[in-house]
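Have a look at the structure below, then the notes.
The values are calculated or read from the model by the stated rules, or taken from the named source; none is laboratory data. All figures in this text were calculated on a predicted structure; none of them were measured in a lab. Cβ placement follows ideal geometry from the backbone for every residue including glycine, while neighbour counts extend to all protein chains displayed. Just so you know, the surface numbers come from the protein's heavy atoms only, side chains and all, with ligands and any DNA or RNA stripped out. Shrake-Rupley method; radii C 1.70, N 1.55, O 1.52, S 1.80 Å.
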Amino acid sequence: MKLSVLPRVKLANLPTPLQELPNLTKALGGPRVFVKRDDMTGLAFGGNKTRKLEYLMADALRQGADYIVTGAGFHSNWCTQATAAARRLGMGAVLIKSGPEDGYDPEDYDGNHLLHFLMGAEIKVVRPENFQRVTEETMEELEAAGHRPYLLTAAGSTPLGVAGYMNAMLELASQAVELGIDIDYLVHATGSGGTQAGLVIGAKAFSTGIKVIGATTGGRPREEQIENVSKLIDESLKFFELDLEIDEDDVIVYDQYAGGGYGFITEGKAEAVKLAAETEGLFLDPVYTGTSMACLIGLCREGFFKPDDVVVFLHTGGPAALFPYKGPLKAYALGEAPPWIIPPWSPSAE
Ligand SMILES: Cc1ncc(COP(=O)(O)O)c(C=O)c1O
């Protein structure tokens, strides 16, 4: 299947802006840092999943779906974006979310959980070990009730989702030409891996020379993530019948900025969120973009980049996830000990 003829439904306002961050550059002492604002895709509060969903929802529509079924973490940005896309296209949504216990339902609705609730998604919170079973049961129940549910797996990290970031790389390369810059690196948060797979394929396919750095967010250790992204790259190359030489060295991953687990707060993430906010009025979150910014800061401090390198920070969205972290962020800003490290909504919480 050729990318140019792949069915696509318009959900994103593209191109997203590419902006220079002079104050952050100064604070870090170089390299020259730009931000690619994929938090401004315009679906819900924006984010990287919009680009994936343009292809995935086109497939759902083609199959006559009237419901989407998907799942991820309790405060998942993916669930927000997928539900918003479903609502915009007139579909229902069932979300299976992992939490500390089956049926977890906190008093205080906040962040993405509040958005899921406001969009009228049917929400099922389960322990991770029950995730697969509940997903299968949900699909069966909807089918038995006469619906046509579409299962969105792996946070959209399938070849269809990967297509969104192959395009994004082309978009970025053309913006670089307009701005007269030669981009050396792109730094972003890598999770299910579709964003990185698409960017790496795009960088090769369009000969941009951009090296794509992924910062893991606590899900997988480095080696495992390289394997995961590489596998997705191979599947996508086959799907799009692309003959490109891509090997594991093209998949650059750092895992030391994630902390002890997915969504755990660290000083590095809190510092990154605060620094972007106070130097550029740019809002990140402590799960994804706070981790990738902590990575960018860490690499600057260890002298990884040359002073005249041009580095693009891909803002993958997720600002709603900022608010559930208000306690630890306030404590960080005041120089106090955080009230918690492991979020109360995490399956790892006591
Ligand atoms: C804000 C944000 N950034 C980055 C990612 C990681 O993207 P991917 O799952 O394609 O690796 C996610 C995934 O949920 C996300 O929500």
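Would you confirm whether any residue within segment 126-134 is assigned by TED's automatic domain parsing to the domain that holds residue 77, open to solvent by 40 Å² or more (accessible area, probe 1.4 Å) and at positive phi?
First pass over segment 126-134, keeping only residues assigned by TED's automatic domain parsing to the domain that holds residue 77: 126-134.
Narrowing the set further to residues that are open to solvent by 40 Å² or more (accessible area, probe 1.4 Å) leaves 127-129, 131-133.
If we keep only those that are at positive phi as well, we get none.
No, that holds for no residue.
Going through segment 280-296 one residue at a time, which ones are in contact with a helix residue (DSSP H, G or I) (Cβ under 6 Å, 6 or more places away or on another chain) and surrounded by fewer than 24 Cβ atoms within 10 Å (Cβ to Cβ)?
Of everything in segment 280-296, those that are in contact with a helix residue (DSSP H, G or I) (Cβ under 6 Å, 6 or more places away or on another chain) and surrounded by fewer than 24 Cβ atoms within 10 Å (Cβ to Cβ) turn out to be 280, 282, 283.
May I ask you to list the residues in segment 190-218 that are open to solvent by 10 Å² or more (accessible area, probe 1.4 Å) and near the ligand (Cβ under 9 Å from one of its atoms)?
Answer for segment 190-218, where residues must be open to solvent by 10 Å² or more (accessible area, probe 1.4 Å) and near the ligand (Cβ under 9 Å from one of its atoms): 191, 192.
Just give me the residues in segment 182-207 being over 17 Å from residue 236 (Cβ atoms) and hydroxyl-bearing (Ser, Thr, Tyr), in sequence order.
Once the filter is applied, which keeps residues that are over 17 Å from residue 236 (Cβ atoms) and hydroxyl-bearing (Ser, Thr, Tyr), segment 182-207 yields 185, 207.
Taking segment 165-180 as the search range and keeping residues that are open to solvent by less than 20 Å² (accessible area, probe 1.4 Å) and among the hydrophobic types (A, V, I, L, M, F, W, C), which one is farthest from the ligand (Cβ to nearest atom)?
Per the stated criteria, the residue is 176.
Checking residue 43 against (1) open to solvent by 10 Å² or more (accessible area, probe 1.4 Å); (2) assigned by TED's automatic domain parsing to the domain that holds residue 315; (3) touching a residue at least 40 places away in the same chain (Cβ under 8 Å): exactly one of these is not met. Which one?
Going through the list (1) open to solvent by 10 Å² or more (accessible area, probe 1.4 Å); (2) assigned by TED's automatic domain parsing to the domain that holds residue 315; (3) touching a residue at least 40 places away in the same chain (Cβ under 8 Å), residue 43 breaks only (1).
Go through the residues of segment 18-35 one by one and say whether even a single one is of a type outside the set (Asp, Glu), crowded, with 19+ Cβ neighbours inside 10 Å and closer than 30 Å to residue 91 by Cα.
Scanning segment 18-35, I find no residue that is of a type outside the set (Asp, Glu), crowded, with 19+ Cβ neighbours inside 10 Å and closer than 30 Å to residue 91 by Cα, so the answer is no.
For the condition over 19 Å from the mean Cα position of the chain (by Cα), of a type outside the set (Lys, Arg) and at positive phi, what is the one hit in 92, 120?
Working: 92 fails: at positive phi.
Just one listed residue meets the conditions, 120.
Taking segment 297-350 as the region of interest, how many residues are open to solvent by less than 20 Å² (accessible area, probe 1.4 Å) and under 21 Å from the mean Cα position of the chain (by Cα)?
Summing the residues that are open to solvent by less than 20 Å² (accessible area, probe 1.4 Å) and under 21 Å from the mean Cα position of the chain (by Cα) in segment 297-350 gives 17.
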